[in-house]
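The values are calculated or read from the model by the stated rules, or taken from the named source; none is laboratory data. Given the structure is predicted, the values throughout are model-derived calculations rather than measurements. Positions of Cβ are generated from backbone atoms using ideal geometry, with glycine treated the same way; all protein chains shown enter the neighbour counts.
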Amino acid sequence: MHDRTNNPDWFLDKVRKTKMTEKTKEVVTKAFKDIQVGGDHYKKYTIQPWDIVDEYKLGFYAGNALKYLLRDKDNKKQDLEKARHYIDKMIGDLRE
C-alpha cells in the first residue's frame with residue numbers, strides 16, 4: 001500500500017481540514033513547503049510552482065509545463081523541451 005503521508009496534496013488537504021487555528025495551519029503549510037527533494041531550484045523564490053498550480057487549479061499537464069518553464073537549472077533547453085512535451089499533450093487532447 002502506498003504511504004499517503006509522502007503525497008504533498010494529501011498532506012496539505014489534511015492540514016486544511018484539521019481543526020487548528022489559521023496561524024497554525026499557515027505555519028505547518030509553510031514548514032511543509034520549505035522542504036524540497038532534489039535541489040533548491042525552487043526554494044530560493046517566494047512563490048513556488050505548486051503555489052501557482054494550486055491557485056489556478058491547473059491540471060497535471062499544465063502544472064508540469066509550468067514547473068519546467070520556471071525551473072532554474074543548467075539545462076534550460078531540456079527543461080523547455082519537457083514543457084513543450086506537456087503543452088503538446090494538452091493541445092493533442094483538445095483535438096480529440
Original post:
So which residues in the stretch 59-71 are touching a helix residue (DSSP H, G or I) at 6+ places or on another chain (Cβ under 7 Å) and part of a loop (DSSP other than H, G, I, E, B)?
Top reply: R71
Subject >> Check on Y56, surrounded by fewer than 17 Cβ atoms within 10 Å (Cβ to Cβ) and either outside the structural domain of E26 (by TED's automatic domain parsing) or touching a helix residue (DSSP H, G or I) at 6+ places or on another chain (Cβ under 9 Å) (or both) >> reply: yes
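Just to be sure, is G59 among the small types (G, A, S) and more than 23 Å from T46 (Cβ to Cβ)? Give the derivation first.
On the way: among the small types (G, A, S): yes; more than 23 Å from T46 (Cβ to Cβ): yes.
In short, yes.
Results for (1) in contact with a His (Cβ under 9 Å, 6 or more places away or on another chain); (2) modelled with pLDDT of 65 or more; (3) part of a helix (DSSP H, G or I), shown as yes or no for each residue.
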{"position": "M1", "(1), (2), (3)": "no, no, no"}
{"position": "V15", "(1), (2), (3)": "no, no, yes"}
{"position": "F32", "(1), (2), (3)": "no, no, yes"}
{"position": "Y42", "(1), (2), (3)": "no, no, no"}
{"position": "I47", "(1), (2), (3)": "no, yes, no"}
{"position": "I52", "(1), (2), (3)": "no, yes, yes"}
Original post:
So which of D74, D93, D79 is more than 13 Å from the chain's Cα centre (by Cα), at pLDDT 65 or above, among the acidic types (D, E) and not in a helix (DSSP H, G or I)?
Top reply: D74
**OP:** Considering only residues that are of a type in the set (A, V, I, L, M, F, W, C) and touching a residue at least 24 places away in the same chain (Cβ under 8 Å), look in the stretch 52-66 and name the one that is nearest to R84 (Cα to Cα).
**Re:** A65
